[in-house]
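The next block holds one structure in the form of structure tokens; read it before the comments.
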Amino acid sequence: MATTPSKKPTISTSVIKRLPRYRRFLRDLRHDGITRISSKELAHRMNLTASQIRQDLNCFGGFGLQGYGYNVDDLYREIGTILGLDKCRPTILLGAGNLGKAVARQLDFQSIGFDLIGIFDKAPEIIGREIREITVADVATLEDFCKENHPEAAILCVPRTQVPALADMLVEHGVKGFWNFSHCDLTNRYDNIAVESVHLSDSLMTLSYHLNAQQDSKKK
């Protein structure tokens, strides 16, 4: 009698979003020469609970040893593999204005699994400039570029009104994920397309809330 293959358990978004934070702390531990750490010690550093850390990591298999803790180097590498940082996905950036330039220049893409292969804009004064040794191309050439180079991911630093048409074309030509800095919501627009939206103002408003809460607590 044939058995039905078991489905992989669904990992919650909150767990996935904590993985980069684990990796940052582990990177700092490696830099400080620490070779192993217990879940309790790691929890103290990260302001989490030891049980939370164990539950998160158990979603991907067992990494620690009872009485020993976690090997820092091994766990750092394992989390990198889980996050896909050992890949080098061809990636394009749309919009080379102030935000796009900052994103392109500040990130070490290859260390986090991406290879920036093209930058595009429609402004004549920006087309032809070099950013990270990549010449900014006219967005009118984007479709031909995609046919030839097959990017898997796109970074969107363009106005929201430009996004739907560009995103539709990119998905049609094989782009599987968007890092979206525009204010256009792509979350439910496509099936099987990864979208990670970045709203910088949301983060600043969250800071405003915490500052407001601090002030209110002092008044009581």
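Going by neighbour counts of Cβ atoms within 10 Å, the residues Arg105, Arg189, Arg23 line up, fewest first, as Arg105, Arg189, Arg23. When the alpha carbon gyration tensor of the chain is reduced to an equivalent ellipsoid, its three semi-axes come out at 36, 24, 19 angstrom, largest first. Reported to the nearest whole Å, the Cα centre-to-centre distance from region 108-150 to region 153-220 is 21.
Length gained on full extension, Glu130 to Asn188: 17.4 nm, using 0.36 nm per residue less the C-alpha separation. Multiplying the residue separation of Tyr68 and Lys219 by 0.36 nm and subtracting their alpha-carbon distance yields 49.7 nm. Debye-formula intensities of region 13-82, expressed as log10 I(q)/I(0) at q = 0.27 Å⁻¹, are -1.57 (one equal scatterer per alpha-carbon, no solvent). Segment Ser197..Tyr209, full-extension length gain: 2.2 nm, with 0.36 nm per residue of separation and the alpha-carbon distance subtracted. Between the Cα long axis of helix 13-31 and the first principal axis of the chain there is an angle of about 80°, rounded to the nearest 10. By the beta-carbon count within 10 Å of each Cβ, the least crowded to most crowded order of Cys88, Cys157, fewest first, is Cys88, Cys157. Once the Cα atoms are used to define both axes, helix 200-219 deviates from the longest principal axis of the chain by about 40 degrees. Taking every DSSP beta bridge that has both ends in the chain, the antiparallel portion is near 20%. Placing a pseudo-label 7 Å from each Cα along the Cα-to-Cβ vector at Thr13 and Ala50 gives an inter-label distance of 3.2 nm.
The alpha-carbon positions of region 89-201 define a convex hull whose volume is 101 Å³ per residue. With the highest mean first, a sort of the peptides 10-17, 163-170 on other beta-carbon atoms found within 10 angstrom per residue produces 163-170, 10-17. Once the mean of 1/r is taken over each pair of separate Cα atoms and inverted, region 145-220 shows a Kirkwood hydrodynamic radius of 14.4 Å.
Coordinate-derived values only; no laboratory data. Quantities reported herein were computed from a predicted structural model and do not represent experimental measurements. Quick reminder, even Gly has a Cβ in these numbers, built from the backbone with ideal geometry, and neighbours come from all protein chains shown.
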